[in-house]
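Novice: I'd like to ask you about the structure that follows.
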Amino acid sequence: MIDSVCSLCVSSLVISVEGLPRPTIIIPEQHILIEGDDEDNPYVAKVIRLFGDGDGEQMKAVVQWFVRVSEVPLSKLKLLGREPHPQEIFHYQGRICDDEVNVESILRPVQVTVACVHPKVLGHKMCTNITTDVKSIKFKNYFSFAVCLIRNLLDNQQDLNSDGEDEDEFVPSQKELNGCSEEDEDDGEEEAGLDSEEEILVKKGRGTTAVFRTPRSKQKTHSLTRTPRKNPNKKIMPGTPRTPHQATPSIPCRSLPTRQPANILEEARARLHVSSVPESLPCREQEFQDIYSFVESKIIDGTGGCMYISGVPGTGKTATVHEVMRCLQHAADVDEIPTFHFIEINGMKMTDPHQAYVQILQNLTGQKATPDHAAALLDKRFNNPAPRKQTTVLLVDELDLLWTRKQNVMYNLFDWPTQRHARLVVLTIANTMDLPERIMINRVASRLGLTRMSFQPYSFKQLQQIIMSRLNKVKAFEEDALQLVSRKVAALSGDARRCLDICRRATEICEHSTTNPSATGLVGMSHVMEALNEMFSSAYITAIKCASMQEQLFLRAVIAEFRRLGLEEATFQQVFVQHQALCRLEGLQPISVSEGLAVCQRLGACRLLLLEPSRLGVLQRVRLNVSQDDVLYALKAD
Amino acid sequence: MPQLHFRFRFRCSRGTGCVGSCVRIHEKAASWCIVGVVVTLCACRHLLELLRRSAIQGESNSVLIVGPRGAGKTMLLQCVLRDLLQEKEAQKNLLQVHLNGLLQTDDRIALKEITRQLNLENVVGDKVFGSFAENLAFLLEALKKGDRSSSRPVLFVLDEFDLFAHHKNQTLLYNLFDVSQSAQTPVAVVGVTCRLDVLELLEKRVKSRFSHRQIHLLSSFGFSEYLQTVRTQLSLPDDFTDRGFAQDWNSSIQTLCEDKSVEEALQRHFNSSKDFRSLHMLLMLCLSRVSVSKPSIKPADLLDASRLCLCDAKANMLHGLSILELCLIIAMKHLNDVYEGEPFNLQMVHNEFKKFLQRKSNSMYNFEQPVVMKAFEHLQQLELIRPVDGSSAKTQREFQLMRLMLDHSQIMEALQKYPQCPTDVKQWAMSAFG
């Protein structure tokens, strides 16, 4: 495979390319494709130098990386100020990536062409725009010039040289521009080289009718010829019951616009909805800081790690992590930290723990695969050194749902971050603090590590602060009312969702009761009390009060029979004897057994009674689902 | 004929009654009776406001309607939806998905049904493509892409809500409630259930995401309102085609409801249950006796119908038994008396029966063992006796332990009515000891 092995420096290299009979020679200054995560889109780079590794066993190449459009983060792409061509590549100067690669990972050479933009397509205005805008863009050494096109040397059919007249967006500049290696680190040289190149471009652009002006900046815009569209593997096999690939998940758009909130109460209600995203998360500053610094340090160091976050529902775990990610993303956008990839999966949002692999893979690369295949691909990705890898931050919500008997999903999730090349940060969320000890086997718990954080339920002061910050000076609540809600919820669960829901319900009640002229229009104590009652009071007692006469009698008979037996359980037959006696006592006509069973079933359907399956008939056992005192209280009140 | 009219009325309005009436009042139709108006009007307004806000302002909500069977929960929802859809703004926007816990028995079926009803992109004709996992991902993606201001709100109605809580991991409920609590496509989740303890069924994460709005629909009316409902349910409307007939009919209903015996029968039904569906059953039975020659309901019809409704099913079955089978039942009754409800087997029953026969001089009931066995098996097939749980099938049939599924009162009642029951058998049944 390797041709000439001199002591250290190698002038050229012979590799065999799949599908070509002859071996291909690779020399410095040539553009190559390098094996990457995505098989359809390998990395592009230019060989700068080839050298042997001491004994000559290992050949290495020093390369200059290029990034494809698809690899450029969206935020950066916007800075370009124009629509990039799908085959366009950009110079890469990030420091994170190792610029030495093993020659084994080189797939094949590739032709990178500098082409000019067809004015018809980009439009005159667009072209000039590029020139003006580009200067102001702060690419900050990320990619310093736009363009070049990769053309696969293997695709020898030159069907791309169709003329400028047809609908091809770009006119290929047919000449291979080997010399157009635009490492633009130093501006001086660049300026000089530029002019000559512009000439070439203008000359070469067939069909460009001289309107085209090359931008006079260091960001040269060239465009690319298109790779010939010959990929028969894209055919979708007909007849397979798969989700159609072109299907886009969407809910139809509404035909009429939403109404805006009309008054203060409606405004308050919109703000208090759990879904409305607050500007900041009050009362979770410490936790925010901890998670932020954890993830940030891992991203900067390019290492990996795990963190376990626990807390009862509604304490802001997921919200805080999302907030951290928003901030980190922002920091990455302004280049304070290297870019990273954020992926979120939720144990409750998948049908089977192994679907986690599928979802992670789809989020990472967009590929679809079966769980087993996805696991293998991810394993390969995280375990093997790959050039140019950015950190991946993975949020696993509702971790306990990923439990399997062999725990291999959890094991893999926590094992990957420990790999040297993975650059994976895993944040896991679950409810119980001792989940690792309770459900995980030792090797999984050990890999999860001891970076734990627990979110305490909100105290009443915090809840109050949360509502206040949400309302943000919209005056809709009386001070006392707010305090009542927050104290009540803090005492029950400390669940912020509950708190917001009660407040929202209170505004509704207030709105309906504003017929009273003395009311201030603010939500007061009485409204909050009513909302609290609605949500927390159990309906058992009212249900017993509203039950029919025979149903009430039956409940009494149940209690009487329990007292007689000294047990909390009796068969229907036993209770029915008591029931008949009670009927006579009350002066009612005794009911038949079928009717008695029907009464019993109705009480069972409401779950006032707990019953055995009804096929047991008179032998089914009966238990009370309410306390005896409650029943007696409800029946006495009449 | 009025029959058709009522049949239509009873069939179309599942659980008409207090809610139906309340909604009628809502519509300012004065002819409808006033039953539990305060409670149901309040519930009606609450639900209507909630759904209106979802439809028009794109607010996500979740609510549970809880009440005993036949209290009019579904009726309430239907009436509110009908009112809501009269508003053009709501009608144009709202998408509806109706699920029933008895039909969608697991999340896989429920998801397919949701996808089909929403007519998402992976639906071709009536078929939903993709695996369970793909469907879930697809639906969640679809809901996630929407937002409050631009996508159409979706109303999810989950009938028999408690059954959805038994699905694995409560995935569907978690996701629906999660969408309703996050900035995605606006959804309104309405659960309908008769279980009062439904919140305890929800897993803690699901429960936290549920907004805890509950509308309790309890039938808190008294007998006078019940009677009033019967009257209005049976009366013909003023716009009935044959006006003369309608007047005669309505006056006959008036006299019917004032009849003492009718009132007593209705009182008995009311005491037994406030369920409107069982009332409709009774009224339907009366109406079916109306014919051209007899164009009104007589008190006797209602009493007959009432007797038919209240009669004991098991006691009726005893009438069809042979004398031998009846004797076996009586023997079992005596065994139950002696051993205080302990299970018995065929041999014991046969012995008891033989003891009875020995006391009698004539041997007209002297049957062979196989015949008795056959009779015993027949009783088991009728489920008048059932094998004790856990008794293995390996034991010989003669010694398999059984329990009697009848109450003594049922046996005695059946004996009274049994045609040409031999006196000695009757006496044997009534004697304290076999």
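The values are calculated or read from the model by the stated rules, or taken from the named source; none is laboratory data. Predicted, not measured: the structure shown is a model, and the values here were computed from it. Counting neighbours? That spans all protein chains shown, and the Cβs are built from the backbone with ideal geometry, glycine included.
Novice: Go through segment A:582-611 and count every residue that is farther than 19 Å from B:T193 by Cα, more than 10 Å from chain B (Cβ to nearest Cβ) and surrounded by 14 or more Cβ atoms within 10 Å (Cβ to Cβ).
Specialist: Initial filter on segment A:582-611 (farther than 19 Å from B:T193 by Cα): A:582-597.
Applying the additional criterion that residues be more than 10 Å from chain B (Cβ to nearest Cβ) yields A:582, A:584-585, A:587.
Right, trim to surrounded by 14 or more Cβ atoms within 10 Å (Cβ to Cβ) and you get A:582.
Counting residues in segment A:582-611 that are farther than 19 Å from B:T193 by Cα, more than 10 Å from chain B (Cβ to nearest Cβ) and surrounded by 14 or more Cβ atoms within 10 Å (Cβ to Cβ) gives 1.
Novice: Among the helices (runs of 4 or more DSSP H) lying completely within segment A:260-349, list those that include at least 3 residues that are closer than 27 Å to A:T451 by Cβ. Quick ask: steps written out before the conclusion?
Specialist: Numbers: elements: A:264-272, A:285-301, A:317-333.
Output list reads A:285-301, A:317-333.
Novice: Where in segment A:376-492 are the strands (runs of 3 or more DSSP E), entirely inside, with at least 3 residues that are at pLDDT 90 or above and buried (at least 19 other Cβ atoms within 10 Å of the Cβ)?
Specialist: Working: elements: A:391-397, A:424-430, A:452-455.
Counting at least 3 such residues, we get A:391-397, A:424-430.
Novice: For residues that are without any contact (Cβ under 8 Å) to a residue 24 or more places away in the chain and facing another protein chain (nearest Cβ under 8 Å), scanning just segment B:113-123, find the one that is nearest to the chain's Cα centre (by Cα). Before the answer, list the steps.
Specialist: Filtering segment B:113-123 down to residues without any contact (Cβ under 8 Å) to a residue 24 or more places away in the chain leaves B:113, B:116-117, B:119-123.
Narrowing further to those that are facing another protein chain (nearest Cβ under 8 Å): B:120-122.
Details: B:L120: 34, B:E121: 38, B:N122: 37 Å.
Only one residue fits best here, namely B:L120.
Novice: Further question: Within segment A:258-269, track down each residue that is without any contact (Cβ under 8 Å) to a residue 24 or more places away in the chain and either within 7 Å of another protein chain (Cβ to nearest Cβ) or buried (at least 20 other Cβ atoms within 10 Å of the Cβ) (or both).
Specialist: Scanning segment A:258-269 gives A:T258, A:R259.
Novice: Let me ask something else. Conditions: (1) buried (at least 22 other Cβ atoms within 10 Å of the Cβ); (2) not in a helix (DSSP H, G or I). B:S182 meets all but one. Number of the miss?
Specialist: (1)
Novice: Continuing with this model, one more query. Determine the pairs where a residue that is under 15 Å from A:M350 (Cβ atoms) and aromatic (F, W, Y), located within segment A:402-427, has a partner that is assigned to a loop (DSSP other than H, G, I, E, B) and modelled with pLDDT of 90 or more with Cβ atoms under 8 Å apart, the partner being 6 or more residues away or on another chain.
Specialist: A:W403/A:P353
Novice: When you scan segment A:2-19, do you find a residue that is outside any strand (DSSP E or B), at pLDDT 70 or above and more than 17 Å from A:K389 (Cα to Cα), even just one? Even if it seems obvious, please write down each step before you answer.
Specialist: Here is the first cut: in segment A:2-19, the ones outside any strand (DSSP E or B) are A:2-8, A:11-12, A:17-19.
In the following step, the residues that additionally are at pLDDT 70 or above were identified as A:12.
Still in the list and also more than 17 Å from A:K389 (Cα to Cα): A:12.
Taking every residue of segment A:2-19 in turn, at least one turns out to be outside any strand (DSSP E or B), at pLDDT 70 or above and more than 17 Å from A:K389 (Cα to Cα).
Novice: Of all residues in segment B:141-161, how many are part of a helix (DSSP H, G or I), facing chain A (nearest Cβ under 7 Å) and out of contact with any helix residue (DSSP H, G or I) (no Cβ under 6 Å at 6 or more places or on another chain)? I'd like the intermediate steps shown before the answer.
Specialist: Applying the first criterion (part of a helix (DSSP H, G or I)) to segment B:141-161 yields B:141-145, B:161.
Of the ones still in play, those that are also facing chain A (nearest Cβ under 7 Å) are B:141-143, B:145.
This time we only want the ones that are out of contact with any helix residue (DSSP H, G or I) (no Cβ under 6 Å at 6 or more places or on another chain), so: B:141-142, B:145.
Looking only at that region, the number is 3.
Novice: Evaluate the following for B:R195: is it farther than 22 Å from B:G70 by Cβ, within 11 Å of chain A (Cβ to nearest Cβ) and of a type in the set (D, E, K, R)? Working first, answer last.
Specialist: Values: farther than 22 Å from B:G70 by Cβ: no; within 11 Å of chain A (Cβ to nearest Cβ): yes; of a type in the set (D, E, K, R): yes.
Judged against the criteria, B:R195 is not a match.
Novice: Next up: If we scan segment B:250-272, do we find a residue that is within 14 Å of chain A (Cβ to nearest Cβ) and of a type in the set (K, R)?
Specialist: yes
Novice: Which fully enclosed helices (runs of 4 or more DSSP H) of segment B:321-434 have 3 or more residues being buried (at least 19 other Cβ atoms within 10 Å of the Cβ)? Give the derivation first.
Specialist: Working: elements: B:323-339, B:346-359, B:369-381, B:408-417, B:423-430.
Result: B:323-339, B:346-359, B:369-381, B:408-417.
Novice: Identify, from the list A:E398, A:E344, the residue that is within 13 Å of chain B (Cβ to nearest Cβ), out of contact with any Lys or Arg (no Cβ under 9 Å at 6 or more places or on another chain) and under 26 Å from A:H273 (Cα atoms).
Specialist: On the way: A:E398 fails: out of contact with any Lys or Arg (no Cβ under 9 Å at 6 or more places or on another chain).
After applying the criteria, what remains is A:E344.
Novice: Tell me which of these B:G130 doesn't satisfy, since it passes every other one: (1) more than 32 Å from the chain's Cα centre (by Cα); (2) farther than 23 Å from B:S149 by Cα; (3) assigned to a helix (DSSP H, G or I).
Specialist: (3)
Novice: On the given criteria, is B:E342 at pLDDT below 90, of a type in the set (D, E) and at negative phi?
Specialist: Working: at pLDDT below 90: yes; of a type in the set (D, E): yes; at negative phi: yes.
Yes; evaluated as a whole, the condition is true for this residue.
Novice: Another question, then. Considering only segment B:56-112, state which residues are of a type in the set (V, I, T), within 12 Å of chain A (Cβ to nearest Cβ) and either over 29 Å from the mean Cα position of the chain (by Cα) or part of a helix (DSSP H, G or I) (or both).
Specialist: B:I56
Novice: For the structure I just gave you, tell me whether A:M525 is under 30 Å from A:R487 (Cβ atoms) and in contact with an Asp or Glu (Cβ under 6 Å, 6 or more places away or on another chain).
Specialist: Details: under 30 Å from A:R487 (Cβ atoms): yes; in contact with an Asp or Glu (Cβ under 6 Å, 6 or more places away or on another chain): yes.
Yes, satisfied.
Novice: In segment B:255-285, how many are assigned to a helix (DSSP H, G or I), acidic (D, E) and under 23 Å from A:E595 (Cβ atoms)? Full working, then the answer.
Specialist: Here is the first cut: in segment B:255-285, the residues assigned to a helix (DSSP H, G or I) are B:255-258, B:260-272, B:276-285.
Among the residues that remain, those that are also acidic (D, E) are: B:258, B:263-264.
From what is left, the residues that are under 23 Å from A:E595 (Cβ atoms) are B:263-264.
Matching residues across segment B:255-285 total 2.
Novice: Right, another one. Look through B:S219, B:S252, B:S208 and report the one residue that is part of a helix (DSSP H, G or I) and under 25 Å from A:A539 (Cα atoms). If you could, list the steps in order and put the result at the bottom.
Specialist: Values: B:S219 fails: part of a helix (DSSP H, G or I); B:S252 fails: under 25 Å from A:A539 (Cα atoms).
Only one candidate qualifies: B:S208.
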